[in-house]
């Protein structure tokens, strides 16, 4: 065209195949359009007005403006090269059977104007403006692809059609009237402000989160296939959000928040209370209908402060019936732990309570272990579900301690004993400077004071030292001063007799110290002796519980000992002599663990440090030599030793104010059998086996091997 309205007032423009119209920047008004396949209308900066609709099997191209002022114009082909603006005026309808029937330009839909996506399948890349209607019919399956922030009309889906939005701005401020399927597919966070109503299906897709903040959404069925549908963001908001209609949560989906659902909920995935995954505040989620747990992955997640009955917690309130099976997971648990009575109510069921809920993972705080029960202690048939720190479903039995508490306790007990030694462990027979080395392996078994936690500890120590100074105060006595270093490790396994849960703990590290020994008679070793030592120890410690994070911390401190005895000859024979040695030892243990906070928030500190151990005993020994070794430097000694040990403190740990202590180690009896061999004037070997027994199953078995070389 070379001028405006070059076609005059054409009532019908009939375009045959392979024909074209180029507006060339001009304006033209038509009554109706009938364009066959392979025909082309190029607006080319012009303006085309069609007042009586029609049908086009051809395409539009170029820029410019297309105005539909009345009736229905059907577009049966994609016009992907049309980038102009389309105006759908009041009373007019643009019917698209292809997703790009109006190209990729802006579509302005006036009030009472209609964009009809009829059987079209694909993506609508156009940006929508205006207050008119966008209607999906005849099985249309459309994704929105444009920025529709200027659109305030209505998206209408008929039965069998699907409309999918992937960005918040694609919906503008429009209303969704849904009789088909309305899907939201997002990977980000999206607050759905639009009003959604109708008997159709609302589908949540994508790994992101869609949040409802008011009572603006209803559907015949809401299906959460992936990601999170969050109903209500804050418990304290003025208007609690509500979703009306039945809800199905898929295996990869999640429903949660502080709001409510007016309808039935079938859970195959996750139902998340409030901010349970992020550790925020507590609140209530309400299902005003029935709850059904379905499948192996059905889980309800709570955020709970684990203390006594009145602990702050999320709660699920169900006004209808419950059925099926679901797991209950307590996340981001805080609290000091406490003994409960009825327990902490998590699920309130007002109808028939037939569902079976089971605790997934562990609920722990402080030293306590919590379990899930149906029914209160006072109201066992109420159908509600509670967390209790006891193992009985009917009676508030004594609280259950978790095995990790025993792991902390075992580490403290092992640290206090690992580098403790006696004179016989170093074999003190010496007249000159010497070097010595000993290795000791032991196995300790004990329980905590409640008898719930049983622990077995295997430990190993290698320790060596040597004299650096020797002197005399009389003609017969001798005093030697030496230094020593050691490496040790201990591995403990803790088993809860009540729950079956287990924990492993370990320590490993070093010590260094000095020792001094005085003999009244250095030649015969008869008479009095005094031995003392001071050490500093530093160790790395770990506690690794079942299904909980591994905890690491440090243990260090000083320890010291003074030992004294008196060796008396009681029998002399041709090949050997017998001696009795009454002896005593006082040891102080100042080793402590650093204060530690677990990943779950529990504060852990050690107890039982500054222990003073008193040992009183008697040793019976025989020094002997064979006939052929008489006159040589060889000497062989065997001995038996009995001791009573008393500890002023018992090793333990304090978890959020609750102390768990070792039992049976306060008073311990010990029997030790040993042998020492002087092979020549320079070399000594020795070994001993010791067995300790205490109350409540306490026992310790130790084997020592040692060697000393004298210069």
If you scan region 316-328, which residues turn out to be surrounded by fewer than 17 Cβ atoms within 10 Å (Cβ to Cβ) and within 26 Å of residue 547 (Cβ to Cβ)?
325
Residue 244 - would you say it is in a strand (DSSP E or B) and either modelled with pLDDT of 95 or more or over 19 Å from residue 315 (Cβ atoms) (or both)?
yes
So residue 681 fits all but one of (1) in a loop (DSSP other than H, G, I, E, B); (2) at pLDDT 90 or above; (3) surrounded by fewer than 14 Cβ atoms within 10 Å (Cβ to Cβ); what number is the exception?
(2)
Need the failing condition index for residue 140 against (1) farther than 15 Å from residue 96 by Cβ; (2) free of Cβ contacts under 8 Å to residues at least 24 places away in the same chain; (3) crowded, with 24+ Cβ neighbours inside 10 Å, just the number.
(1)
Within region 256-282, can you find the residues that are at pLDDT below 95 and either crowded, with 22+ Cβ neighbours inside 10 Å or part of a strand (DSSP E or B) (or both)?
256, 257, 258, 259, 260, 272, 273, 274, 275, 276
Check on residue 519, touching a helix residue (DSSP H, G or I) at 6+ places or on another chain (Cβ under 8 Å), within 30 Å of residue 635 (Cβ to Cβ), in contact (Cβ under 8 Å) with a residue 12 or more places away in the chain and surrounded by 14 or more Cβ atoms within 10 Å (Cβ to Cβ):
no
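Does at least one position in region 81-94 carry a residue that is surrounded by fewer than 19 Cβ atoms within 10 Å (Cβ to Cβ) and farther than 21 Å from residue 156 by Cα?
The first filter runs over region 81-94 and keeps only residues surrounded by fewer than 19 Cβ atoms within 10 Å (Cβ to Cβ), leaving 81, 83, 90-91.
Among the residues that remain, those that are also farther than 21 Å from residue 156 by Cα are: 81, 83.
Yes, the conditions are met somewhere in region 81-94.
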Could you pull out the residue among 651, 640 that is more than 46 Å from the chain's Cα centre (by Cα) and in the same structural domain as residue 589 (by TED's automatic domain parsing)?
640
Check whether at least one residue in region 502-511 is under 25 Å from residue 423 (Cα atoms), surrounded by fewer than 22 Cβ atoms within 10 Å (Cβ to Cβ) and in contact with a helix residue (DSSP H, G or I) (Cβ under 8 Å, 6 or more places away or on another chain), and report yes or no.
no
Residue ID - farthest from residue 660 (Cα to Cα), chosen from residues in region 339-367 that are in contact (Cβ under 8 Å) with a residue 60 or more places away in the chain and buried (at least 19 other Cβ atoms within 10 Å of the Cβ)
355
With the requirement that a residue be assigned to a strand (DSSP E or B) and under 17 Å from residue 303 (Cβ atoms), what does region 356-376 give you?
357, 359, 363, 364, 365, 370, 372
Filtering region 73-89 down to residues that are touching a residue at least 40 places away in the same chain (Cβ under 8 Å) and either farther than 15 Å from residue 35 by Cβ or touching a helix residue (DSSP H, G or I) at 6+ places or on another chain (Cβ under 6 Å) (or both) yields 84, 86, 88
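Okay, residues lined up against (1) modelled with pLDDT of 90 or more; (2) touching a helix residue (DSSP H, G or I) at 6+ places or on another chain (Cβ under 8 Å); (3) surrounded by fewer than 20 Cβ atoms within 10 Å (Cβ to Cβ):
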| site | (1), (2), (3) |
| --- | --- |
| 593 | yes, yes, no |
| 617 | yes, no, no |
| 627 | no, no, yes |
| 638 | yes, no, yes |
| 652 | yes, yes, no |
| 675 | yes, no, yes |
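The values are calculated or read from the model by the stated rules, or taken from the named source; none is laboratory data. Note that the coordinates shown come from a computational prediction; the quantities given were computed from them, not determined experimentally. We place every Cβ from the backbone using ideal geometry, glycine too, and count neighbours over all the protein chains shown.
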